[in-house]
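Below: one structure, written as structure tokens.
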């Protein structure tokens, strides 16, 4: 039977999971859209509770049929109604929340990081978050540390922007970043505050294996107390007239520098 009503219980749940972070946390579920992202989730071992698809998308489902607990065909009109994109592909999945939101002890008890860790304080833009997660996976960053003030990693824009990186990149929820930095430093892990300013050490002269680089909010940067708690302030050298970089761009440059050890 093809679901044709927008008021269908599961259809409404998909739509709400895409827009309501509170419901995602309460239900322990999130929703994704698009053939590539859904297949990527399945290949990454994400538990798929429900698959929704249109007749047009059916021949391309492949692994999605085999890994989903439940598969429901929906009409093109329903697909368009719940889609977060302008050109829906007719494929949606309800998935269980991932187990990659680790605790701070994961870092403190890991004595042999390959690169280091990137920490994000109050990063609010989902596009920036998605780009940073994708870049972290590409450069082999050991973990991302995310404060409570950051946007939800299950936001549809984050999921699309990460190109599936959310499914694989280790992510540590640290709560208050200032407290986390103090605890990390107390355990012997250096934390560097990434800032824009001439009173900071140049990035390439400070980065070392196993350190934590902390990047702040898009508009306000790091909280003063977080920057003050860090081991030192570091900055990306710039010769142009711009005062600062986009948060995702800055994070990319920092992670590139952190990954030098892996590249030899």
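The values are calculated or read from the model by the stated rules, or taken from the named source; none is laboratory data. Computed from a predicted structure; not experimentally measured. Cβ sites come from the backbone with ideal geometry, for glycine too, and all protein chains shown count toward neighbours.
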- Of (1) assigned to a loop (DSSP other than H, G, I, E, B); (2) free of Cβ contacts under 8 Å to residues at least 60 places away in the same chain; (3) on the phi < 0 side of the Ramachandran plot, residue 253 satisfies every one except (1)
- Query: From the set of residues in the stretch 1-24 that are within 13 Å of residue 96 (Cα to Cα) and touching a residue at least 24 places away in the same chain (Cβ under 8 Å), which is farthest from the chain's Cα centre (by Cα)?
  - Reply: 14
- Just one of 108, 141 is in the same structural domain as residue 175 (by TED's automatic domain parsing) and under 14 Å from the mean Cα position of the chain (by Cα); which is it? 141
- With respect to residue 132, is the statement that it is in the same structural domain as residue 169 (by TED's automatic domain parsing) and modelled with pLDDT of 95 or more true? yes
- Task: Can you confirm whether the stretch 91-112 contains a residue that is in a helix (DSSP H, G or I) and in contact with a helix residue (DSSP H, G or I) (Cβ under 6 Å, 6 or more places away or on another chain)?
- Result: no
- Query: Taking residue 179 and the conditions (1) modelled with pLDDT under 95; (2) over 15 Å from residue 117 (Cα atoms); (3) surrounded by fewer than 17 Cβ atoms within 10 Å (Cβ to Cβ), which numbered condition does it fall short on, given that it satisfies the others?
  - Reply: (1)
- What number of residues within the stretch 48-74 satisfy the criterion of being in a loop (DSSP other than H, G, I, E, B), at pLDDT 95 or above and surrounded by fewer than 17 Cβ atoms within 10 Å (Cβ to Cβ)? 2
- Given (1) in a helix (DSSP H, G or I); (2) closer than 26 Å to residue 12 by Cα; (3) more than 12 Å from the chain's Cα centre (by Cα); (4) in contact (Cβ under 8 Å) with a residue 24 or more places away in the chain, residue 80 misses just (4)
- Which ones in the stretch 198-228 are surrounded by 20 or more Cβ atoms within 10 Å (Cβ to Cβ), at negative phi and either part of a strand (DSSP E or B) or more than 25 Å from the chain's Cα centre (by Cα) (or both)? 212, 213, 214, 215
- Item | Test result for residue 147, buried (at least 23 other Cβ atoms within 10 Å of the Cβ), within 27 Å of residue 227 (Cβ to Cβ) and over 10 Å from the mean Cα position of the chain (by Cα) | yes
- Message: Can you say whether residue 172 is outside any strand (DSSP E or B) and either in contact with a helix residue (DSSP H, G or I) (Cβ under 9 Å, 6 or more places away or on another chain) or closer than 23 Å to residue 235 by Cα (or both), as far as the supplied structure shows?
- Response: no
